[in-house]
Structure formats: structure tokens, C-alpha cells
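Novice: Just dropping this structure here.
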Amino acid sequence: MILILMGVTASGKTTVGKLLAAETGWQFAEGDDFHSEANRQKMHQGIPLTDEDRAPWLASMHDLLLSWYESGTSGILACSALKQKYRDALTDQIPPLSLRFVWLDVPREELERRLRNRKGHYMNPNLLQSQLDTLEIPEDALRISDEEDPRKVVQRILDQLLVQEGKPSQQEGLDG
């Protein structure tokens, strides 16, 4: 199974992804690590990335996802994946049943609060509106409202995935 945790900046992708990886033992990759230095500088300066800026970034993450699929490795990628065409680029050549998008949907006020409290990240908080404007609501993603404790978010994701696979959830007292 491959999960792609998606959402705008400060939606909790990295925090939830690391906790989810610890819980499952799956590989974890941070999409931010795949950005070029030029992209990081643009974002730091508050300049939104273009589709052309994102193309090599998406291609490198696609290569990772494809390698996970081909090797039978379960993994979690934290990646904004704001547009459908970005999601399509990430998943090209990977059967749909092998992966799942999880959209961390957070109210703007909470995103702004998190951005105010974020330290040492290159993403300029002024880009939040650009990301919200770019986001194309996914129709095929598991939608999780991420306003609560990250460990509860992880448990909700795991429970939803088990239910969708037809297995009893852990909340029903079963291992799944």
C-alpha cells in the first residue's frame, strides 16, 4: 500500500506522515526534500511555484512511488499534490488499487495559527492563499479534517483504510 498525504502548507502532512510511518513500519518520504534549491528560494521569497517549477519535483517523487510499487514496498509520501494533474503525474503507471490519497483538510484559521508557530521552514506563510487558490479538491481521496491531536488523525486514517478494505476497524476492538 502506498499513501500520499496531501494538502496545503501547514496541514500536518509531515507530522502525520512520520507518526503513521512509525505506527505501520512503512517507508516515509517528505515531498519538501525533493524540491530544488531554486524552488525553495522562490517559496522563501513568497513567490508561488509554476507548473514548470513543479515538473521536476513531481517527476522525482513519481520515480520514488514507482520504485516502491515495483519493489512491493509500502510507503507514505507527504506531498501537497494540489492539482489533479499533479496527482496524475505522481501516480502514472501505478495501478489505482495500489495507492490511496489522504487529503488533510484544515480550516484556514488553523493553518494560519500553525504557520505563525512554525519555526525554521522555508515556506513563506504569505503563500497560503496561493496554495488555497491552487488546490483542486480531490474526488478520490480519503478526506480527514486535521484539527485534532496528530495521533488521533493517524488512528482515523488507519481506521478508515481498514473499513474501506472491508476489515473491522481497531475502534471495534479488533486488530484488523
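The values are calculated or read from the model by the stated rules, or taken from the named source; none is laboratory data. In this text the structure is predicted, and so the values were computed from the model without any measurement. Here the Cβ is made from the backbone with ideal geometry for all residues, glycine too, and neighbour counts use every protein chain on show. The accessibility values were calculated without ligands, DNA or RNA, using every heavy atom of the protein model including side chains. Shrake-Rupley method; radii C 1.70, N 1.55, O 1.52, S 1.80 Å.
Novice: How fast does the stretch 11-92 diffuse by Stokes-Einstein, in µm²/s, taking the Kirkwood radius from C-alpha pairs at 10 °C and 1.306 mPa s?
Specialist: 118
Novice: Please enumerate, by chain and number, the lysines with C-alpha under 18 Å from the C-alpha of Lys152, excluding those fewer than 8 residues away in the same chain.
Specialist: Reachable lysines: Lys13, Lys18.
Novice: Ok, one more. Once you put a point 7 Å from the Cα of Arg116 and another 7 Å from the Cα of Glu70, both along the Cβ direction, what distance in nm separates them?
Specialist: Once both label points are built, they end up 4.8 nm from each other.
Novice: Residue by residue through the stretch 71-86, what is 3J(HN,Hα) from phi via Karplus (6.51 cos²θ - 1.76 cosθ + 1.60, θ = phi - 60°)? Round to whole Hz and write x for glycine and proline.
Specialist: Karplus values, whole Hz, x for Gly and Pro: 8, x, 8, 7, x, 10, 10, 8, 7, 4, 6, 5, 10, 4, 5, 5.
Novice: What residues qualify as long-range amide H neighbours of Leu3, i.e. H under 5 Å apart, gap of 5 or more or another chain, H built at 1.01 Å from N?
Specialist: Gly75, Ile76, Leu77, Arg100
Novice: With all protein chains present, how much of the accessible area of the chain (probe radius 1.4 Å) comes from carbon and sulfur, to the nearest whole percent?
Specialist: About 47 percent, which is the carbon plus sulfur part of the accessible surface.
Novice: Could I ask something else about it? With a/c under 1.5 counting as rounded, go ahead and sort the chain into rounded, prolate or oblate using the C-alpha gyration tensor (a ≥ b ≥ c being the square roots of the eigenvalues; past the cut-off, prolate if a/b is larger than b/c, else oblate).
Specialist: It is oblate, given that a/c is not under 1.5 and a/b is not larger than b/c.
Novice: Same structure, new question: As an exercise, identify the GluC sites (Glu not before Pro) in the stretch 70-146 lying in DSSP coil whose Cβ has no more than 11 other Cβ atoms within 10 Å.
Specialist: Qualifying residues, ordered by number: Glu139.
Novice: Under a crude label model (7 Å from the Cα following the beta-carbon direction), how far is Arg143 from Asn126 in nanometres?
Specialist: Each label point is offset 7 Å from its Cα along the Cβ direction, giving 3.2 nm.
Novice: Show me, for the stretch 58-63, the HN-Hα J-couplings you get by feeding each phi into the Karplus relation (A = 6.51, B = -1.76, C = 1.60, θ = phi - 60°), rounded to Hz, glycine and proline as x.
Specialist: Values per residue, Gly and Pro as x: 5, 4, 5, 6, 4, 4 Hz.
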